[in-house]
Amino acid sequence: MHFGQGHGHIENDPSFKGLIVNKGVEQPPSVSPDAAKRFLNRKRPSLTVNQYVDGILAGDITILSRAVTLVESSLPQHQELARDIILACLPHSGKSVRLGITGVPGAGKSTFIEALGIHLINNGSKLAVLAIDPSSERTKGSILGDKTRMEQLSGMKNAYIRPSPSAGSLGGVARKTRETIILCEAAGYDTIFIETVGVGQSETAVHSMVDFFLLLMLAGAGDELQGIKRGIMEMADGIVINKADGQNIQKAQLAQAQYSSALHLFPPTRSGWIPRVETCSALLSTGIENVWDMVLDYVHLVRNNHYFDKNRREQARFWMYESINETLKTSFYKNPVIHEKLKELEDKVKKDELSSFEAARMLLDIYNNK
């Protein structure tokens with residue numbers, strides 16, 4: 001059967017006599033245009049440096065979050081404001097215990113952070129959890145995803161969980177995390193957890209901004225000393241074997257003995273501390289207290305032998321040089337003349353028309369206006 005053209009629906013064809021389909025009512029927009037306009041035009045009142053600092057010192061979590069957003073922003077006016085806020089907060093910082101946490105995939109980092117965090121808050125602490133993740137565009141395994149898993153902790157009044165800045169160079173992300181630590185300490189957080197999310201160099205970056213570096217491991221995952229870099233083992237002030245529950249308890253104890261033996265092969269630490277190995281079950285919250293006692297024992301030792309302050313001063317010096325390097329690198333690559341010349345010289349290097357060193361020298365000469 002042939003239906004008439006241009007009717008849209010076959011039921012509107014004349015051959016279907018007596019059947020009428022109404023056109024219907026045009027759907028209204030899901031959001032009122034006036035409301036949308038008001039929302040878009042609504043601008044949060046900008047705060048002065050003093051208002052930011054007063055809010056942070058008063059522990060206002062909303063103002064703290066806004067200040068951290070300024071730190072993470074790449075807009076020059078935001079960076080300038082952030083610098084002034086950090087400078088004003090600096091005298092009020094430095095009073096926390098900074099704990100770096102890293103671990104093998106599947107070690108249960110989120111559950112562990114939540115269990116340890118709840119233990120601390122129940123004992124009167126204020127806790128900030130930050131992340132170092134230079135590749136957080138891929139949120140898999142990052143605190144961006146973990147925040148939903150740390151549901152109980154994120155709902156607690158004295159906990160502040162902050163996802164890491166979006167993807168960028170490790171140096172840039174790490175610098176922003178270090179500045180966020182200053183703001184959190186000024187806001188009265190006495191314990192800061194810094195979680196490494198990316199792999200590789202992020203552990204080194206975290207190690208250079210914390211007081212105690214904790215390595216979370218699993219038992220029963222094959223050869224206990226495989227799958228973790230020797231360099232990370234050497235950085236660890238303490239190793240925690242997680243998931244020590246049920247049938248895994250004996251495996252965890254065996255792993256504890258193996259790691260303790262391995263740690264004795266490393267050179268003595270500069271702090272005078274002998275790294276320890278503890279077992280726990282973050283899921284059942286068993287052994288969590290022993291883990292924190294280990295951290296407190298370390299802090300007590302290094303405060304008494306003055307390594308604590310010496311290490312903080314060394315870290316501040318290290319980050320000064322890191323900031324210089326990062327700023328110079330950014331300035332170099334953002335230079336319009338360099339940007340223009342870079343591809344041309346890169347092609348010549350690829351074709352063996354120019355050596356890598358000569359190309360680099362020429363670019364640096366251009367940058368330095370020689």
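The values are calculated or read from the model by the stated rules, or taken from the named source; none is laboratory data. From a predicted model like this one, the values you see are computed outputs, not experimental measurements. Glycine gets a Cβ as well: all are built from the backbone with ideal geometry, and neighbour counts include every protein chain shown.
Here are some residues: Gly246, Gly222. Which one is of a type in the set (Gly, Ala, Ser) and modelled with pLDDT under 85?
Details: Gly246 fails: modelled with pLDDT under 85.
The unique qualifying residue is Gly222.
Give Gly108, Gly117, Gly59 a once-over and let me know the one that is surrounded by fewer than 22 Cβ atoms within 10 Å (Cβ to Cβ), touching a residue at least 60 places away in the same chain (Cβ under 8 Å) and in the same structural domain as Asp245 (by TED's automatic domain parsing).
Gly108
Quick one: count up the residues across segment 330-355 that are under 29 Å from Val173 (Cα atoms), part of a helix (DSSP H, G or I) and not charged (D, E, K, R).
9
Take the residues of segment 134-179 that are crowded, with 20+ Cβ neighbours inside 10 Å, modelled with pLDDT of 65 or more and out of contact with any helix residue (DSSP H, G or I) (no Cβ under 7 Å at 6 or more places or on another chain): which is nearest to Asp190 (Cα to Cα)?
Thr177
Could you tell me whether any residue of segment 260-268 is of a type in the set (S, T, N, Q) and modelled with pLDDT under 90? Working first, answer last.
Taking segment 260-268 first, the residues of a type in the set (S, T, N, Q) are 260-261.
Next, only the ones that are modelled with pLDDT under 90 stay: 260-261.
Checked against the condition, which is being of a type in the set (S, T, N, Q) and modelled with pLDDT under 90, segment 260-268 yields at least one hit.
Could you identify the single residue in Val302, Val337 that is surrounded by 11 or more Cβ atoms within 10 Å (Cβ to Cβ), aliphatic (A, V, I, L, M), in contact (Cβ under 8 Å) with a residue 24 or more places away in the chain and over 22 Å from Ser74 (Cα atoms)?
Checking each option against the conditions leaves just Val302.
Where in segment 203-315 are the strands (runs of 3 or more DSSP E), entirely inside, with at least 2 residues that are within 23 Å of Leu130 (Cα to Cα) and of a type in the set (Phe, Trp, Tyr)?
So the answer is 212-218.
So for segment 43-63 (the condition being outside any helix (DSSP H, G or I), within 19 Å of the chain's Cα centre (by Cα) and either aliphatic (A, V, I, L, M) or at pLDDT below 90 (or both)), does at least one residue qualify?
No, every residue in segment 43-63 fails to be outside any helix (DSSP H, G or I), within 19 Å of the chain's Cα centre (by Cα) and either aliphatic (A, V, I, L, M) or at pLDDT below 90 (or both).
Which residue, of Arg276, Arg270, is in contact (Cβ under 8 Å) with a residue 24 or more places away in the chain, touching a helix residue (DSSP H, G or I) at 6+ places or on another chain (Cβ under 6 Å) and in the same structural domain as Gly103 (by TED's automatic domain parsing)?
Arg276
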